[in-house]
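A short write-up of the structure that comes next.
What follows is calculated from the coordinates using simple rules that are stated; it is not laboratory data. Every value quoted in this text rests on a predicted model; they were computed, and no experiment measured them. Counting neighbours? That spans all protein chains shown, and the Cβs are built from the backbone with ideal geometry, glycine included.
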């Protein structure tokens with residue numbers, strides 16, 4: 001992976017980082033590529049079985065170092081209180097980047113796709129966060145026979 005350059009001079013970009021236990025984040029990232037194309041501003045980090053916290057945090061460091069310092073980060077995770085997101089937040093805090101980051105748990109495909117397509121169209125981060133949560137809720141339904 002190589003560091004991304006800002007597409008427009010002076011514009012703050014928004015990056016999406018999918019974080020999960022197992023390979024869920026990687027699988028969702030694959031679906032994003034299938035539906036929306038290869039987005040350079042979308043990353044995935046997986047806590048794989050038998051991976052210790054130190055190695056996982058190194059993976060987080062690698063990914064976060066690819067994101068320019070002033071850019072905003074949208075962290076989407078499977079379990080909000082899980083060790084992957086807590087370790088990732090620790091890395092961001094050590095880099096002083098927690099204030100430019102939003103975190104949402106309960107990641108599902110509707111949420112991820114909404115983030116990809118709306119991240120640059122909703123300026124207010126709080127409103128974007130609420131929009132993504134609502135989209136995730138709407139994506140949960142049952143099949144009516």
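Considering only segment 20-53, state which residues are part of a helix (DSSP H, G or I) and under 17 Å from residue 78 (Cβ atoms).
Once the filter is applied, which keeps residues that are part of a helix (DSSP H, G or I) and under 17 Å from residue 78 (Cβ atoms), segment 20-53 yields 24, 25, 26, 27, 28, 29, 30, 31, 32, 53.
For segment 115-145: of the residues being in contact with a helix residue (DSSP H, G or I) (Cβ under 6 Å, 6 or more places away or on another chain) and touching a residue at least 60 places away in the same chain (Cβ under 8 Å), which is surrounded by the fewest Cβ atoms within 10 Å (Cβ to Cβ)?
So in segment 115-145, the residues in contact with a helix residue (DSSP H, G or I) (Cβ under 6 Å, 6 or more places away or on another chain) come out as 115-116, 122, 132, 135-136, 139.
Cutting the leftovers down to touching a residue at least 60 places away in the same chain (Cβ under 8 Å) gives us 115-116.
On the way: 115: 25, 116: 18.
Step by step, filter segment 115-145, then rank; the result is 116.
Considering only segment 9-18, I want to know if a residue exists there that is within 14 Å of residue 116 (Cβ to Cβ), out of contact with any strand residue (DSSP E or B) (no Cβ under 6 Å at 6 or more places or on another chain) and loosely packed, with under 13 Cβ neighbours inside 10 Å.
As a first pass, look at segment 9-18 and keep what is within 14 Å of residue 116 (Cβ to Cβ): 13-18.
Adding the requirement that they be out of contact with any strand residue (DSSP E or B) (no Cβ under 6 Å at 6 or more places or on another chain) leaves 13.
Then drop every residue that is not loosely packed, with under 13 Cβ neighbours inside 10 Å, which leaves none.
No, there is no match, as no residue in segment 9-18 is within 14 Å of residue 116 (Cβ to Cβ), out of contact with any strand residue (DSSP E or B) (no Cβ under 6 Å at 6 or more places or on another chain) and loosely packed, with under 13 Cβ neighbours inside 10 Å.
For segment 68-126, name all the residues that are in a helix (DSSP H, G or I), farther than 24 Å from residue 51 by Cβ and in contact with a strand residue (DSSP E or B) (Cβ under 7 Å, 6 or more places away or on another chain).
100, 111, 115, 116, 125
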